[in-house]
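One structure below.
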Amino acid sequence: MPAFSLEPEQIAWCGELRTLAAEQLRPLAEKGEPGHVNRALVAELGRLGLLGRLFTSGALDLCLMRESLAHACTEAETALALQGLGAHPVHTHGTPAQRDRWLPRVADGTAVAAFALSEPGAGSDAAALALRADPDLGVDSDLDVDLDPDVDSDPDVAHPGHPPIAEPDGPSRWRLTGEKCWISNAPEADFYTVFARTTPGAGARGVTAFLVPADRPGLTGTPLDMLSPHPIGALDFDAVPVTADDVLGEVDRGFRVAMGTLNQFRPSVGAFAVGMAQAALDATLAHTSRRDAFGGKLSDLQSVAHQVAEMALRIEAARLMVYAAATAYDEGAPGVPKRAAMAKLLATETAQYVVDRAVQLHGARALRRGHLLEHLYREVRAPRIYEGASEVQRGIIAKELYAALAAGEESQ
């Protein structure tokens, strides 16, 4: 499928999602409490089958879902995206036992997932994370108690169809000690995909991903009062026990779990931004075509018309780049990290520009609490930071470009 064209069925599906978001999901979102998980909204996303599609659809379908939902209900879009982000490592790297226990509950909206990568001193520089996974060799450890009755607790027995997790000569039990910060859905999630350092001083090569249920002893959290309305919090790990059965993927290979997840979700962050930008443009078209000013309509003013044209131009360019990056991911094309970074960078920066222009063209009414643009103005800022700030995306793009240059010179 060409990256620049959608099939008629896809276009129709996007229209259905926008209607669904406006008529069924937005009323539930409006009943939610800002800064807290809206479990009724999550459950409805599950009932409608949208959460289940997170595990059966490709990156392009994820983008279409996020863009369409964001156009009418940013809260629904974010609730869906956070379920996918937190559970994607379980879907792609989890053992059969981990998948069987958590994925059905994520899909039906009865379990809330979270992706716990950022720390107070390691946000964009994910390889610098400091949450420690210290080997636990104590005979009297409370790890001797079965932490999860639904999971085989014998670390020496591989799950069927899954390779052994712990190295034969390495530890099979750890204690997590440290902090995570800026974690969406914390501290109200039911489980966390947690990235911790198992090998000190090894940079990205010494990180392991763990699936940590929220009821583990020593795990506590605090909500953070943020600009955007969705839940974000900090987590404190006070010698939280984990075993080899909690590892996602392989020990010391957790960085690839994190980056694989982000490579898939970065284009869809761009799709979220495009959906918000389109909503702002639609509101601006309606307002400027009706608003009387200077003896005519606002839309009659060339300065206004040119701004609207620029907004539309940038949105379409960002949308096409998002679709291209997602299609490249689905087809296993080369250059996915660069394409994903470009898509997120362009789309999030574009959305910031478009929403700001929309506010300017609406005037003071757009700043009134409860106005669509007031809501979008608060929502649009965060995507330029999370899942890799804009500066990080530029760094990824440059790194990939120079790597390609070096590879070409070596092959000559």
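The values are calculated or read from the model by the stated rules, or taken from the named source; none is laboratory data. Keep in mind that this is a model prediction, so the values were computed, not measured. For neighbour counting, all protein chains shown are included, and Cβ atoms are generated from backbone atoms with ideal geometry for every residue, glycine included.
Residue-wise test of (1) buried (at least 23 other Cβ atoms within 10 Å of the Cβ); (2) part of a helix (DSSP H, G or I); (3) touching a strand residue (DSSP E or B) at 6+ places or on another chain (Cβ under 8 Å); (4) free of Cβ contacts under 8 Å to residues at least 40 places away in the same chain.
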{"position": "Pro334", "(1), (2), (3), (4)": "no, no, no, yes"}
{"position": "Leu345", "(1), (2), (3), (4)": "yes, yes, no, no"}
{"position": "Val355", "(1), (2), (3), (4)": "yes, yes, no, no"}
{"position": "Ala407", "(1), (2), (3), (4)": "no, yes, no, yes"}
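Go through the residues of segment 284-305 one by one and say whether even a single one is closer than 30 Å to Asp330 by Cα and in contact (Cβ under 8 Å) with a residue 24 or more places away in the chain.
Checked against the condition, which is being closer than 30 Å to Asp330 by Cα and in contact (Cβ under 8 Å) with a residue 24 or more places away in the chain, segment 284-305 yields no hits at all.
Sort out which residues of segment 40-63 are of a type in the set (A, V, I, L, M, F, W, C) and under 17 Å from the mean Cα position of the chain (by Cα), and write them in order of number.
First, the residues of segment 40-63 that are of a type in the set (A, V, I, L, M, F, W, C): 40-43, 45, 48, 50-51, 54-55, 59-60, 62-63.
Matches in segment 40-63: Val42, Leu45, Leu50, Leu51, Leu54, Phe55, Ala59, Leu60, Leu62, Cys63.
Got a number for residues in segment 17-39 being at pLDDT 95 or above and of a type in the set (Asp, Glu)?
1
Residues Ser268, Ser299: which one is over 26 Å from Gly388 (Cβ atoms), surrounded by 15 or more Cβ atoms within 10 Å (Cβ to Cβ), of a type outside the set (Phe, Trp, Tyr) and modelled with pLDDT under 95?
Going through Ser268, Ser299 in turn, the sole match is Ser299.
Hey, does segment 359-376 have a residue that's part of a helix (DSSP H, G or I), among the acidic types (Asp, Glu) and buried (at least 19 other Cβ atoms within 10 Å of the Cβ)?
No, segment 359-376 has no match at all.
What are the residues in segment 29-45 that are out of contact with any Lys or Arg (no Cβ under 9 Å at 6 or more places or on another chain) and either at positive phi or in a helix (DSSP H, G or I) (or both), if any?
Listed by number, the residues that qualify are Ala29, Glu30, Lys31, Gly35, Arg39, Val42, Ala43, Glu44, Leu45.
Considering only segment 367-377, I want to know if a residue exists there that is out of contact with any helix residue (DSSP H, G or I) (no Cβ under 8 Å at 6 or more places or on another chain) and charged (D, E, K, R).
yes
Which pairs have Cβ atoms under 6 Å, sit 6 or more apart or on different chains, and link a residue in segment 116-138 that is buried (at least 18 other Cβ atoms within 10 Å of the Cβ) to one that is modelled with pLDDT of 90 or more and aliphatic (A, V, I, L, M)?
Pairs found: Ala116/Ile183; Ala116/Val194; Leu117/Ala258; Ala126/Leu117; Leu131/Ala196; Ala133/Leu176; Ala133/Ala196.
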